[in-house]
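S.K.: Below is a structure I'd like to ask you about.
Read-outs: derived from the displayed coordinates by stated rules, not from any lab. Remember, predicted model here, so these are calculated numbers, not experimental data. Cβ placement follows ideal geometry from the backbone for every residue including glycine, while neighbour counts extend to all protein chains displayed.
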Amino acid sequence: MILIVDDDIAVRTSLTLLLKGAGNEVVTANNAVQAFETIQAQKPELVILDLNFSIDTSGKEGMSLLQQIRVHYPVLPIILITGWASIDLAIQGMKLGANDFIHKPWNNDYVLQSVVTLLQLNGKKATSKSRKELDQKYQFKQIIGEDAGLLNILEIIGRVASTNASILITGESGTGKELIAEAIHENSGRAAKPFVKVNLGGISTSLFESEMFGHAKGAFTDARFDRMGRFEMAHKGTIFLDEIGDLEASSQVKLLRVLQDRTYEVLGSSRTKIVDARVICATNKNLNEMVNLGTFREDLLYRINLIAIHLPALRERSGDIPLLVNFFIDNLKEIYNRPQLTVAAPAMRWLRQLPLPGNIRQLKNLVERTVLISNKNELGIDDFQAQMHLSPLKADKVKLPGVGTMTLDQMEEEMVKQAMKFHKNRITKAAASLGITRNALYRRLEKYQIPFNETED
Ligand SMILES: Nc1ncnc2c1ncn2[C@@H]1O[C@H](COP(=O)(O)OP(=O)(O)OP(=O)(O)O)[C@@H](O)[C@H]1O
């Protein structure tokens, strides 16, 4: 059952018709007291709340009702309705714990999509399904792992794949964000239609519109042909906006408009096109922090993260490393026709304790390089170690301090301290992660007078 709170009978009636038409039970309330009583008595599964629902348009009354509901019903999904002019109010409401907002005049599809998604997410409580149970229900063949955090994520994406909800995937580079985005598409009703990836980090502001919305011949000097935009390519499918944290301010506004209105215009043409694409965004940046710094629009953030998924770094789920290694090895056995290929047990243990800042991509590259270079059937620590030193990480993935701010010795000292701390003073592990021998590590510990326990191995 859904509760609609609004003093405007026209809004209550049209939302009731829309939601009933989609098979929901609906109750309404036209003031805060009645709304709260209805929640207590009838326990609705979702509330749609107009923030400007009283004659007073400051939104104060709506906001205090929202707070009151949150205190007593912390997980009850709440969708806010606001006018376009009061978008700041909606953002304030999201901070107080609302789950989504729609603005008037609303788009019926968006309202239904948001309702379905929130009901799906809230209704069926997470049941901590096992990997086997998830595989019986969904298609996650390419995603390896049994870590509880990952299974929880798979369960969420399985449940929401069938809705059109926007999803934001965050996580360090190489943690599998794109793979997860593809899995959402594969498990949705859009699977037979295109999955279009756009790397927003690679699109300059001047090209953003023509790239995303397309252009007509003659739209600007170089436009010699009609060009189809990415939104159109993704029509009825999924658009994956990678590196959204790299989008410049002016492009952020343009994207927000499109996601808000679900329409756009092809450059140089007056044709208005409708967006019918599921939007999935990804970034390895911290968008909340960027919002605080003023470099990412808060309204855009709320538009793209109806569902937010954070992928753990590989070091936080190191129990999955052997599974991943075996998966990569199995694939390579076939590709290189080396059916006897295996990884020795000590090597597997060694791989498990690597910090791997480049995450699964780094592990995959390491295994591939090692298989290519070594001609042994059973791969040992030495084989992996030799490749590890060659290119442990792409330089552009590491943030180095600015030139002149640190000497090489200081950097070495910091790295040694960091490795010792990470490996809780275990010399063998710290040395392996730094790519040096135990003796070489001892020499450095003494050189920099870093305390260590002789008995720790
Ligand atoms: N759970 C997994 N099982 C198997 N392979 C995986 C898994 N997660 C990631 N990979 C593989 O690791 C590599 C990196 O994954 P992906 O490109 O999805 O990461 P990403 O987080 O999008 O990286 P970036 O932020 O750098 O774009 C890919 O080759 C992908 O197939």
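S.K.: For the chain, what are Rg and Dmax over the alpha carbons, in angstrom?
M.R.: Calculated on Cα positions, Rg and Dmax stand at 26.4, 79 Å.
S.K.: I've got another one for you. Among all lysine pairs in region 266-396 that are eight or more places apart or on different chains, how many have alpha carbons less than 23 angstrom apart? Walk me through the intermediate numbers first.
M.R.: Numbers: Lys285/Lys364; Lys285/Lys394; Lys333/Lys364; Lys333/Lys376; Lys364/Lys376; Lys364/Lys394.
Lysine pair count for region 266-396: 6.
S.K.: Let me ask another. Less than 12 Å from a label point 7 Å out along the Cα-to-Cβ axis of Lys254: which backbone N atoms in region 189-216 qualify, by residue?
M.R.: 203-215
S.K.: Which residue, Gly202, Ile321, Phe452, has the largest displacement toward the positive end of the dipole of the chain when charges sit on each Cβ (Lys, Arg +1; Asp, Glu -1)?
M.R.: Ranked along the dipole, the leading option is Ile321.
S.K.: How big is the antiparallel share of DSSP beta bridges in the chain, given as a percent to the nearest 5?
M.R.: Values: 5 of 42 bridges.
The antiparallel fraction comes to roughly 10 percent.
S.K.: Which listed residue (Ala234, Met63, Ala345) has the Cα farthest towards the positive end of the charge dipole for the chain, taking +1 on Lys and Arg C-beta and -1 on Asp and Glu C-beta about the Cα centre?
M.R.: Farthest towards the positive pole: Ala345.
S.K.: Among Leu18, Val47, Ile87, pick out the residue whose Cα is farthest towards the positive end of the charge dipole of region 2-123, where Lys and Arg carry +1 and Asp and Glu carry -1 on C-beta, about the Cα centre.
M.R.: It is Val47.
S.K.: When Lys and Arg each count +1 and Asp and Glu each count -1, what net charge do the other residues less than 10 Å away from Ile169, Cβ to Cβ, add up to? Walk me through the numbers on the way to the answer.
M.R.: Values: positive: Lys177; negative: Glu178, Asp242.
Counting the neighbours of Ile169, the net charge comes to -1.
S.K.: Now for a separate question. Only four residue types carry charge here, +1 at the Cβ of Lys and Arg and -1 at the Cβ of Asp and Glu. Report the dipole size of region 2-123 about the Cα centre in Debye, rounded to the nearest 20.
M.R.: Values: 7 positive and 12 negative charges, 40 e Å.
The calculated dipole for region 2-123 is roughly 200 debye.
S.K.: For Lys43, which lysines qualify as cross-link partners when the Cα separation must be under 25 Å and same-chain residues fewer than eight apart are set aside?
M.R.: Partners found: Lys20, Lys60, Lys95, Lys124, Lys125.
S.K.: Using a cut-off of 10 Å between beta-carbons, work out the net charge of the residues near Thr238 (Lys and Arg +1, Asp and Glu -1, Thr238 not included).
M.R.: Working: positive: Arg190, Lys193, Lys197, Lys236, Arg278; negative: Glu182, Glu186.
Result for the neighbourhood of Thr238: +3.
S.K.: Roughly what would the spin-label model give for Lys285 and Ile450, points 7 Å off Cα along C-beta, in nm?
M.R.: 3.2
S.K.: Could I ask something else about it? What net charge is computed for the residues neighbouring Phe195, neighbours being all others with C-beta under 13 Å from the C-beta of Phe195, Lys and Arg scored +1, Asp and Glu -1? Can you show the working numbers first?
M.R.: On the way: positive: Arg190, Lys193, Lys197, Arg230, Lys236, Arg278; negative: Glu178, Glu182, Glu186, Asp242.
Result for the neighbourhood of Phe195: +2.
S.K.: OK, next. Taking amide hydrogens as modeled 1.01 Å from N in the peptide plane, which residues meet the under 5 Å criterion relative to Leu379, leaving out close sequence neighbours?
M.R.: Amide H neighbours of Leu379, under 5 Å, 5+ apart: Thr342, Val343, Ala344.
S.K.: Provide the percentage of antiparallel DSSP beta bridges, counting only those with both residues in region 1-152; round to the nearest 5.
M.R.: 0
S.K.: With labels modelled as points extended 7 Å from the Cα through the Cβ direction, what inter-label distance (nm, one decimal) is found for Glu37 paired with Ser318?
M.R.: 6.0
S.K.: Let me ask something additional. Counting Lys and Arg as +1 and Asp and Glu as -1, each charge on the Cβ, what is the dipole of the chain about the Cα centre in debye, to the nearest 20? Walk me through the numbers before you get to the answer.
M.R.: On the way: 55 positive and 53 negative charges, 204 e Å.
In total the dipole reaches around 980 debye.
S.K.: Additional query: So for Lys424, Lys364, fewest C-beta neighbours within 10 Å to most, what's the order?
M.R.: The order, fewest Cβ neighbours first, is Lys424, Lys364.
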